[in-house]
Structures are given as structure tokens and as C-alpha cells.
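Notes to accompany the following structure.
The values are calculated or read from the model by the stated rules, or taken from the named source; none is laboratory data. Computed from a predicted model, the values in this text were never measured in an experiment. FYI the Cβ positions are ideal-geometry reconstructions off the backbone, even for glycines, and counts take in every protein chain you see. Remember, those area values only see protein heavy atoms, side chains included, never the ligands or the DNA or RNA. Shrake-Rupley method; radii C 1.70, N 1.55, O 1.52, S 1.80 Å.
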Amino acid sequence: MGVAGKKTTQQEIRIMNKEIKIEELSSYKHGDTLSDLALALIKQQIASWELPARNYQALQGVEVKELKVSGLTMKVQFNSSRIVSSSAKVDAKSIRERKCFLCSDHLPQQQKGLLFEDAYLILVNPFPIFTKHLTIPALKHTDQLIRFRLGDMLELSRSLYDFVIFYNGPKCGASAPDHMHFQAGNKGFMPLEKDWDQLYRAQAVPVVSQPDITVSRLPGYHHAMLVLESEDKNAILAWFEKIYTLLPVLQDEPEPMMNLLCRYEEGTWTLWVFPRKLHRPRQYFAEGDDNLLISPASVDLGGVFITPLEKDFRKISAADIEDILGQISLDAADFEELCKNL
Ligand SMILES: [Zn+2]
């Protein structure tokens, strides 16, 4: 085979230059999976790039406290490097005026990635919450929208099986609403994973129970959460589509507001869906003592609240978290309606 055929465009060449060469991953062994390669990439990037080196080192010393919020375990992490994300300006004007930091052309020179299905670049997140934290932007600069992308999310979670994949809606914590991206963090870090397996699944109420899928919810209403579990990708896609179309779309929103967490384990996908109604809680905008710089996203809903400011870490209480979850989640009445109509 010669090199004739499809010509590589300049654009493609630039993207390919952001790709890591296998031989640069010192811990690479023949037969490694994509998940192994992603772990090797994180090592390589920490060893060769100062920004993640510093932030992953700092992460080892971050303070964490644990709170019980209506029986749910919630950790609070004081993580000052997350100020960039928590305070990100995501209004249309600010987005238009800034350089997109997820476009391949604008990635820092040291940043390298793994290609996923010629559609996404798997990158180390240089501002970690997890000890292994990835950002997974689409190669193309295109809006952050989940419809027609959930299949990619399911495939990512199967390929990156050491990680939980998450999606933040454009007004639900995503700091780049104009550039489609997922994130991934090492399994076992968010309390919800273990709590779901060991505690909540047994108490959960089935909303849909079919041979190929269950959709369930917790009894009562803490905050809106639906959990889809299936070995069948198409069943998850079909039921997610149904949930998606039943959810309200608020004025000026491009899609129903939501956060998603997804993992693949022993042949089964678990997809946690958190329908939302508000981007940032009242406390985010409050003055003085009432202020809490918290902009909840998937990881917070998975049970790790991130406070970039020490004052907030010290004072935040279980009651504050309960109040914030109540403000941002789909209302109890709307959630009941959704469950009834499924
Ligand atoms: Zn972009």
C-alpha cells in the first residue's frame, strides 16, 4: 500500500501532533488496554509537564471532611486549583470572547492525548479532583449536548473500565459549554458508587423493570436521581432517550438540564441521571457570610462537594448541602411526574 488515497489535511496533522506515541508511555506493555494506556498517559504527563505535576502533588494533601446528608454520605474536598472551573464564566459573551481551551490547536504544548474512535481525545485533566482524572473533548469544536452522544459515553466507560465517566450539561457545571467533552475519574472515589452497590440498590424502588433493564430511584425524595442498569447498550440508549424527551427544557436551554455518571463493571452499565433545574445555587451569588463558591456538577452529585475556598470548606454544613441539592435538582413534583410517565 502506498500513501495515495485520502490526503491528510493541515487540521488533521495538527490533531495528530497532539497524540501521544506509544513509545513515550514508559510503562506501556504489549496488550495494554485503553484504560491501561490512559493510566500510563497520566503518569507520563505528570512526569513531563509542570502544571499537572504540581496539582496532582497538591491533591495528595487536600483536606477532606465527611458529612451525612439525609442519610447519604457526602465528602467535602477543599481544592483550590478548582477555582478556575467553579468560577468559570459560561455566559454566551464570555464564551465567545475567550479562546476555547479544549480545541486541539489551543492545548498547551506539553499536553498529549490518546485518540478514541477518531472522535475524541483522551487527556489528563491538569486541575484534578480525582487522583486519576481525564478530560475527553470531542476532536471537533461543537456544542456540549448529550443527545446522540450517550452511546459514546457508554463505549468510553467500557473501554476506560478503571474510570467512571461523567457528563456535565452546558449549564450544569461544564466549564466549556461550547465544546463537547466528557470527563473521567478513577473508580471508587465517589461515595455514591459504593453506597449504591452496598446500600441503596437494595432500598431502591424500580420505576421500570424489564428483563433487559431496570430504571430505579431511591425511596422518598432526597434529590432527583434515576439509575439505569443493563448489560444491553441499546436498552440504556432507548430508556435514556425516553427520560430525555420527558424532561422539561427550560427557556433558552438547548437540552434538559442534567448531570450523568456512568460506569461499566462485569458486563453491566450503571448510568446515574441527575435532572436539574438550576445552574448555580443562591449561595454562589450571595454577599458576605452567606456566600459559598460552589458550582455543583456530576462529582458533587456523586458525593464529593468541591470547595475551592478554605472559608467555604470550614463552614459548609450538611444543611447547606441539602439546601443546595434542593435548589439545583428537578423539583419533587416534576420528578414524580417523570417517574409516573416512564
Ligand atoms: Zn473548542
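What the table shows:
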read-out	value
Helix 150-159 vs. the chain, principal-axis angle (Cα, 0 to 90°, nearest 10)	70 degrees
Most mobile of Arg98, Arg263, Arg217 in a GNM of the chain (Cα contacts under 10 Å)	Arg98
Calculated from backbone phi, Karplus (6.51, -1.76, 1.60) coupling profile of the range 137-146 in Hz, x at Gly/Pro	x, 5, 5, 8, 6, 8, 4, 6, 8, 8
Accessible area per residue, Å², the chain with all protein chains present, probe 1.4 Å	46 Å²
Share of carbon and sulfur in the accessible heavy-atom surface of the chain [1.4 Å probe, %]	52 percent
With DNA, RNA and ligands ignored, accessible area of Tyr264 (1.4 Å probe; Å², nearest 10)	40 Å²
Structure-based [θ]222 nm, the chain - -39500 (n - 2.57) summed over DSSP H runs of at least 4, per residue, nearest 500	-8500 deg cm²/dmol
Calculated from backbone phi, Karplus (6.51, -1.76, 1.60) coupling profile of the range 90-105 in Hz, x at Gly/Pro	10, 6, 4, 5, 4, 5, 4, 8, 9, 6, 5, 7, 9, 6, 3, 5
Mean separation of Cα contacts under 8 Å, 6 or more apart, over the residue count of the range 183-342: relative contact order %	22 percent
For the chain: relative contact order, % (alpha-carbon pairs under 8 angstrom, 6 or more apart)	18 percent
Where trypsin sites (Lys or Arg not before Pro) fall in DSSP loop in the range 141-176, at most 15 other Cβ within 10 Å	Arg147
Where labels lie 7 Å past Cα in the beta-carbon direction, separation of Ser70 and Gln57 in nm	4.3 nm
Sequence-separation-based contact order of the range 93-212, relative, with Cα cut under 8 Å and 6+ spacing, percent	24 percent
Pairwise FRET efficiency - Val249 versus Ala319, Cβ, R0 = 51 Å, nearest 0.05	0.95
Amide H contacts under 5 Å for Asp178, placed H, 5+ residues apart	Gln144
Highest-fluctuation residue, Phe163, Phe101, Phe189 considered, GNM on the chain with Cα pairs under 10 Å	Phe101
C-alpha long axis of helix 233-246 to longest principal axis of the chain, angle in °	50 degrees
Accessible area (Å², 1.4 Å probe, nearest 10) - Asp143	90 Å²
Residue pairs, from the table Lys89/Lys187; Lys171/Lys233; Lys75/Lys311; Lys194/Lys311; Lys171/Lys242; Lys43/Lys140, whose Cα atoms sit over 19 Å apart	Lys89/Lys187; Lys171/Lys233; Lys194/Lys311; Lys171/Lys242; Lys43/Lys140
Listed residues Val76, Val205, Val62, most fluctuating in the chain (Gaussian network, C-alpha, under 10 Å)	Val62
